[in-house]
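Student: After the structure tokens below, expect a handful of questions from me.
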Amino acid sequence: MRPQILFFVTLTLLLTACSPGFEKVDGKWAYVSYDEAVGKRVRYIEADDATFTILRNKQYAKDKDHVFLKTNIIAHADPATFYLIGKGYAADNTNVYLDSYTMIGADPKTFKRLSFPYSRDAGKVFCGTLPLDIDDIESFKVTKSSSAKSMVPTDLFIESNPEYAGIDTAKYPLVLYGFGKAKTRSEEFDGFKKTR
């Protein structure tokens, strides 16, 4: 019995010791991760040491000027009001974010996660960061969830999807969308595409 306990304790220590996250390396903040090809990977970030805080999800941190997801700065995020929602979603007083991407027109006060890739606020339903063209928000139901997602530059996305030509490509340079399925009483969606 003792060897089994020792094995599990050792395994737990190894797994937690190799967890990715922010730490100080040589006196500077860095995001440290581990992979099979390189081993320990250290990526330094420019952060204000006096105000740097690691959030409860160790992939996120903030200082007085920026919010970080791993080594990415989340554009437009307000560190003073930034909070985690969960499952890759976060918000501040102005915007909602999926990973490090700003959701297009999402209201942080009424935002709710649904089964990925879908979410909603009081007036819109989203597939990833994209608002859907939807007539019946109240009957919207996810019929198939999917964790798969794709990210593409907004201008290229609009070329293939001209119905989204109104997106401000300067404010939203990238869009992220997923591959679930959903429906309302009169509509069906395959990812962000209305199919009926």
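Since every read-out is calculated from the coordinates, none of them should be taken as a lab result. Source: prediction; values computed, not measured. For neighbour counting, all protein chains shown are included, and Cβ atoms are generated from backbone atoms with ideal geometry for every residue, glycine included.
Student: P(r) tail for the range 110-196, what percent of Cα pairs lie past 17 Å? Don't skip to the answer; put the middle values down first.
Tutor: Details: 1666 of 3741 pairs.
Pairs farther apart than 17 Å: 45 percent.
Student: Whose amide H sits under 5 Å from the amide H of GLY191, counting only residues 5 or more places off or on another chain, with H placed in the peptide plane?
Tutor: Amide H neighbours of GLY191, under 5 Å, 5+ apart: GLY180, LYS181, ALA182.
Student: While we're here: Along the range 65-73, what does the Karplus equation 6.51 cos²θ - 1.76 cosθ + 1.60 (θ = phi - 60°) give for ³J(HN,Hα), rounded to whole Hz, x for Gly and Pro?
Tutor: 10, 9, 10, 10, 10, 6, 9, 8, 7
Student: Then there's this: Principal axis extents for the chain, Cα atoms only, whole Å, descending order, please.
Tutor: 60, 47, 32
Student: How far is it, in nm, from the label point at ASP136 to the one at LYS181 when both lie 7 Å from their Cα along the line to the Cβ?
Tutor: Distance between the two pseudo-spin positions: 1.8 nm.
Student: Out of the range 63-101, which trypsin sites (Lys or Arg not before Pro) are coil in DSSP terms and have no more than 14 other C-beta atoms within 10 Å?
Tutor: On the way: sites: LYS64, LYS70, LYS87; in loops: LYS64, LYS70, LYS87.
Here the sparse-neighbourhood loop sites are LYS64, LYS87.
Student: Grab the DSSP H runs of the chain that are 4 residues or longer, score each as -39,500 (n - 2.57), total them, divide by all residues and round the 222 nm result to the nearest 500 deg cm²/dmol.
Tutor: On the way: 2 runs with 23 residues, N = 196.
Dividing the helical sum by the residues of the chain leaves -3500 deg cm²/dmol.
Student: Now, a different point. ARG43 to GLU188: FRET efficiency via 1/(1 + (r/R0)^6), r the Cβ-Cβ distance, R0 41 Å, to the nearest 0.05?
Tutor: On the way: r = 42 Å, r/R0 = 1.03.
Computed FRET efficiency for ARG43 and GLU188: 0.45.
Student: Under 5 Å between amide H atoms, partner at least 5 residues away or on a different chain: which partners does ASP133 have, H built in plane at 1.01 Å?
Tutor: none
Student: Using the structure shown, list the pairs from LYS24/LYS58; LYS70/LYS193; LYS70/LYS171; LYS70/LYS181 with a Cα-Cα distance above 25 Å, or answer none. If you can, show how the numbers build up before the last one.
Tutor: On the way: LYS24/LYS58 13 Å; LYS70/LYS193 31 Å; LYS70/LYS171 21 Å; LYS70/LYS181 30 Å.
The pairs that break the limit, which is 25 Å between Cα atoms, are LYS70/LYS193; LYS70/LYS181.
Student: Just to confirm the number: angle between the C-alpha axis of helix 2-17 and the first principal axis of the chain, 0 to 90 degrees, nearest 10?
Tutor: Approximately 60 degrees, to the nearest ten.
Student: Residues with amide H under 5 Å of ALA106's amide H, sequence separation 5 or more or different chain, H placed in the peptide plane at 1.01 Å from N; which?
Tutor: Distant-sequence amide H within range of ALA106: VAL96.
Student: Starting from the Cα of LYS109, step 7 Å along the direction of its Cβ; do the same at ARG56; then give the gap between the two resulting points in nm.
Tutor: Placing both labels 7 Å beyond Cα along the Cβ direction yields 2.4 nm.
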